[in-house]
1. Take the residues in the range 155-208 that are touching a His at 6+ places or on another chain (Cβ under 8 Å) and of a type in the set (Ser, Thr, Tyr), then tell me which one is least open to solvent (accessible area, probe 1.4 Å).
2. Inside the range 256-331, counting only helices (runs of 4 or more DSSP H) that do not spill past its ends, which hold 2 or more residues that are of a type in the set (Lys, Arg), out of contact with any Pro (no Cβ under 9 Å at 6 or more places or on another chain) and more than 30 Å from Tyr71 (Cα to Cα)?
3. So Thr78 fits all but one of (1) among the polar types (S, T, N, Q); (2) loosely packed, with under 13 Cβ neighbours inside 10 Å; (3) part of a helix (DSSP H, G or I); what number is the exception?
4. Looking at Lys99, Lys31 in this structure, which one is under 17 Å from Leu246 (Cβ atoms), of a type in the set (D, E, K, R) and open to solvent by 30 Å² or more (accessible area, probe 1.4 Å)?
5. Which residues, counting only those in the range 180-216, are in contact with a strand residue (DSSP E or B) (Cβ under 7 Å, 6 or more places away or on another chain) and among the β-branched types (Val, Ile, Thr)?
6. What is the number of the single condition among (1) crowded, with 17+ Cβ neighbours inside 10 Å; (2) closer than 24 Å to Ala98 by Cβ that Asn295 does not meet?
7. Quick check on the range 135-154: of everything there that is part of a loop (DSSP other than H, G, I, E, B) and over 16 Å from Val209 (Cβ atoms), which residue is most open to solvent (accessible area, probe 1.4 Å)?
8. Scanning the range 160-196 for residues that are basic (Lys, Arg) and part of a helix (DSSP H, G or I), which turns out nearest to Pro360 (Cα to Cα)?
Amino acid sequence: MSIFSKFDDIRAAYDALDKNGRNPFDIRFEKIISPTEAILDGRRILLFGTNNYLGLTFDPTCVEASVNAIYEAGTGTTGSRIANGTYAGHTFLEQQIAKYYGRRSAMVFTTGYQANLGLISTLAGRGDHLLIDADSHASIYDACKLSSAEIIRFRHNDPKDLARRLRRLEGLPGSRIVVTEGLFSMLGDTAPLREIAAVKREMGAYLIVDEAHSMGVLGKNGRGLAEAVGVEADVDFVVGTFSKSLGAIGGFAVSDLPDFDMLRVTCRPYMFTASLPPAIIASVTASLKRIATDNLLGARVLANGRRLYHGLARAGFELGPEPNPIVAIKISDRELAIKFWNALIAGGVYLNLALPPATPGSQSLIRSSVSAAHTEAQIDRAVQIMTDTGYRLGVLTESDARIAMPAAE
């Protein structure tokens, strides 16, 4: 028996993807042309599955800042900040993130995954109680595995269930730490954050909100769902990423708590990972400046999300509960979802294929993410390709089509 025998079931499912056409784990673009187009198998293809919400990956100011940083400070730091020191760019970026969120402190991590992994696993220690939304991202679940706290899942987006579970802890020692996301990555639904914040206040808990998919998208200033619903003061820690709206890689956490900087000497995923290279720090700093001064980007991506969502809804697709830059088509049959995804790529649209068990409710999803850089023509073309392909494969029938509504509603 091989050491890899434990993965036999996964291997079988993986091999089955190849038999049905393309493997979503092995998509290889020959060239990325822009935030919205690429070359795949020698053909141009529309990109609707990249999380490039604000389209800043090709922003000239960000590119120039990144290139200049390489010439000025080299290609990398070759070590962690506790071993190799902190560059001026690291400090400046942390100051700018703290200022953007109106918080006392900020920490930069090498990836968004590490931000959740490090913050949550370090804060939630032995004797504490960690309460997470059942549909939380893998990075949050992996943080739970590293933590020695008691792990409690509450039903997805259910503040009443959260309150019930917190009441069961009355009289027990230890901190109560609630973790949720602003915008959930699979279905594009938002958390009932106002109600969760009320439960947090009543029960004396701490609240961590992962705004990875909502930063730059929601809120008047793009600070995410907490800003949009007016509960920033109730959120003790905001976690985010540089790999979506900011167009690079990395992550961060911000807080007003006075001892926040203790994490720098207690958080192992921060302490023992090489720090972000100068080029990334520079491009992220430029991107952050852009979103802090340009509210039109967030408005544009939301409008584009509504256009895609309502276009697909009119065609009769079953979608997530609300229009956002993440738009997911639900398909009950796994094999049909795989065929549909393959046909969409052949038709000229790249999206994400999401299959159980990585999806909420064990649903098969065709997940798209819209960019502020998409044109209305590109969105309408994607809707047409998805609709035509849906009818051809039996994902849609004539009875599915709905009464027309304005495309940009």
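1. Checked the range 155-208; the qualifying residue least open to solvent (accessible area, probe 1.4 Å) is Ser185.
2. On the way: elements: 268-271, 278-293, 296-315.
The qualifying helices (runs of 4 or more DSSP H) are 296-315.
3. Every condition holds for Thr78 apart from (3).
4. On the way: Lys31 fails: under 17 Å from Leu246 (Cβ atoms).
The match here is Lys99.
5. If the condition is that a residue be in contact with a strand residue (DSSP E or B) (Cβ under 7 Å, 6 or more places away or on another chain) and among the β-branched types (Val, Ile, Thr), then Thr180, Thr190, Ile196, Ile208, Val209 are the ones that fit.
6. (1)
7. Of the range 135-154, the ones part of a loop (DSSP other than H, G, I, E, B) are 135-137, 147-149.
This time we only want the ones that are over 16 Å from Val209 (Cβ atoms), so: 147-149.
Numbers: Ser147: 16, Ser148: 57, Ala149: 13 Å².
Filtering the range 135-154 for residues that are part of a loop (DSSP other than H, G, I, E, B) and over 16 Å from Val209 (Cβ atoms), the one most open to solvent (accessible area, probe 1.4 Å) comes out as Ser148.
8. Of the range 160-196, the ones basic (Lys, Arg) are 160, 164-165, 167-168, 176, 194.
With the extra rule that they be part of a helix (DSSP H, G or I), the set shrinks to 160, 164-165, 167, 194.
Details: Lys160: 19, Arg164: 22, Arg165: 21, Arg167: 26, Arg194: 22 Å.
Per the criteria, the residue is Lys160.
The values are calculated or read from the model by the stated rules, or taken from the named source; none is laboratory data. On a predicted model such as this, the values are computed, not experimentally measured, just so you know. Note that each Cβ is placed from the backbone with ideal geometry, even for glycine, and that neighbours are counted across all protein chains shown. Please note that ligands, DNA and RNA were not included when accessible areas were found on the heavy atoms of the full protein model with its side chains. Shrake-Rupley method; radii C 1.70, N 1.55, O 1.52, S 1.80 Å.
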